[in-house]
Structure formats: structure tokens, C-alpha cells
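*Asks:* To start, I am sharing the structure in question, which I have written as C-alpha cells.
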Amino acid sequence: MDWSKIKTIFILAFLVLNLYLMYEFFNLRNARQYELKTETSFPKQLQEDGITYPKQLKGEIKAPYLTAKPKTITVDELKTLQANILKGQTITIVDEHVIQAVLDQPIKISTPFKSSSLNEFMLNHILNSDQYRFWEKSKDSNTITYYQHYHDKVFFKNSNAELIFYLNEDNEIFSYRQTILENIKELPVDERIIDPMSAIESLYKNNALKPKIKITDVETGYFTLKSQVLTPAWRVEINDKQNLFVNAFDGKIIELNKDEKKIVE
């Protein structure tokens, strides 16, 4: 047996193995450096476009899907409600789920409007008022809108979880329309959701963010993308007035089109 040849073969084999391992190492290192560059380049892109955002972005790591159903209001329940919390109102129930009310005495609202000024009225005269959070006051439609929430996470743009006050020409609330979701349940598996910066990046890559805008707020909530199933979503507020929504699981933009909700790839 020629030991010198065997020794040479082993040396060459180890040399080839070392070269291969070094090749893999440099590939992994370069890939990691590329990832880091990608991660750090997006904030720089925002900066170059003059887009500002809250520096302390906080978000959930996991969130569950929810199921819920519209509350049904029976004739007997309506009689009880009108004798108590809904007194001083003329109530009509539409399709068993929608409360339409006209107030006996209109309520003057503050100028400028502050949602806190309605707290007492809502507490004493609105069903399940503690489940609703102020959304907006619209000059175009002369309305004040609230949406239902679950664990402080709003059901964004949900017509089945909505409280709309209507104003007259004297800046008084004279009527309202209310829908309520009930039997809200979490599906058993919590799934990991994207972080708020990823939601902003999805909007940026889809040209939904214009240069020099200010991102004033980012929060998680829920959107109804399928019947009775509420999906975690990110709300990104632009310049204190415009809201954009992103699916918190897959990062796709949720586009609103005449009350229809669809996913934009």
C-alpha cells in the first residue's frame, strides 16, 4: 500500500472540503449583509421621499381571527330598551339588526367637536355605548361616526358594528343609526402578524404613499374580509385624516370601493 499517495489524496480531499465550506460561509455572509442592507434601506427611502412616521412603532406579535354575528333585537327587547336606556327616542328596528332612532330633543354638540362631549349622552342613551370608539366627524355628510371595538381594537369600516349620529343645520344631533356585533369569539390559533413597519413598506411599494406625507398613527384592528370572520389589519393614518389598511397576515393592501372590500395584490 502506497501511504504517500493515500496521504496526498486525504490532503486534497480536506482542501476541497475547506474550499467548499469557505464558499458556503461567504455566500451566507453576503446574503445576511444583503438582508441587513434591505432592512436598513427602507427607512432611508422614506427619509429621501420626505415621509415621516412615529419613531416608536409598536405592534402585536400575534393576533387571532375573530367570529361574530349581528345582534338581533326582538320586539320584547325593544320594549324593555325603550323603557330604560332608549327612552326619549322614537325607535325603528330595520331587518331585526339595525336601530334607527330619532331623538325627542336634539343635542347641541361642541364647536370644535370633541368626542368626550358625547360621553355622558352615550352612556345614558346608547345601547352598549362602552363598546364603541370615535372614528370621525364628516363635514361632507354632516355625521359623527363610531365603530365597535374588541379589546380596544376597532372593527374598521364595519357596517355591522357602526354607530352614526346625524346632525341638522343647527349642528345638533337629531337621530342616529346603530348596528351591533355580538357573540364575538377568538378562533383557537393565534397567528404571527407582520410588524407595523412592514405594513408601511407594503403601502410604499404599492405607491400608496406620496412624497412628503406624514404618517400620524399606526394601529391594529379588524377588517371583515369574509362573512362573519374578522381578520387582523393595520390602519395607517396619513396627515391626521386619511386611513389606509393592510392585511396584518399577508401584507396585502385592503382597498375600499363603495363599501366593498377587496384585496389588492
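*Asks:* Name the residues in the stretch 81-101 that are under 16 Å from N160 (Cα atoms), of a type outside the set (D, E) and free of Cβ contacts under 8 Å to residues at least 40 places away in the same chain, would you?
*Replies:* I93, V94
*Asks:* Out of the residues in the stretch 69-111 that are modelled with pLDDT under 90 and part of a loop (DSSP other than H, G, I, E, B), state the one that is farthest from S175 (Cα to Cα).
*Replies:* The first filter runs over the stretch 69-111 and keeps only residues modelled with pLDDT under 90, leaving 75, 110-111.
Filter again for part of a loop (DSSP other than H, G, I, E, B), leaving 110-111.
Values: S110: 17, T111: 19 Å.
Here the answer is T111.
*Asks:* I would also like to ask the following. Name the residue that is modelled with the lowest pLDDT, counting only residues in the stretch 254-265 that are surrounded by 12 or more Cβ atoms within 10 Å (Cβ to Cβ) and within 21 Å of L66 (Cβ to Cβ).
*Replies:* Top of the filtered list is K261.
*Asks:* Being of a type outside the set (S, T, Y), under 25 Å from S110 (Cα atoms) and touching a residue at least 24 places away in the same chain (Cβ under 8 Å) is the filter here, so list the residues in the stretch 139-156 that pass it.
*Replies:* N142, I144, Q148, H149, V154
*Asks:* Sticking with this structure for a sec: For the stretch 76-89, does any single residue satisfy the condition of being surrounded by fewer than 16 Cβ atoms within 10 Å (Cβ to Cβ) and under 25 Å from Y222 (Cα atoms)?
*Replies:* Within the stretch 76-89, not a single residue is surrounded by fewer than 16 Cβ atoms within 10 Å (Cβ to Cβ) and under 25 Å from Y222 (Cα atoms).
*Asks:* Okay, moving on. If a residue must be on the phi < 0 side of the Ramachandran plot and touching a strand residue (DSSP E or B) at 6+ places or on another chain (Cβ under 6 Å), how many such residues does the stretch 139-161 contain? Break it down into steps so the answer makes sense when it comes.
*Replies:* Step one: list which residues in the stretch 139-161 are on the phi < 0 side of the Ramachandran plot, which gives 139-141, 143-150, 153-156, 158-161.
Applying the additional criterion that residues be touching a strand residue (DSSP E or B) at 6+ places or on another chain (Cβ under 6 Å) yields 143-150, 153-156, 158, 160-161.
Qualifying residue count, the stretch 139-161: 15.
*Asks:* Moving on. Tell me which residues, restricted to the stretch 207-238, are more than 16 Å from the chain's Cα centre (by Cα) and within 21 Å of L66 (Cα to Cα).
*Replies:* Correct list: S227, Q228.
The values are calculated or read from the model by the stated rules, or taken from the named source; none is laboratory data. None of the values given here were measured: they were computed from a predicted structure. In this analysis, Cβ positions are derived from the backbone assuming ideal geometry, glycine residues included, and neighbour counts consider all displayed protein chains.
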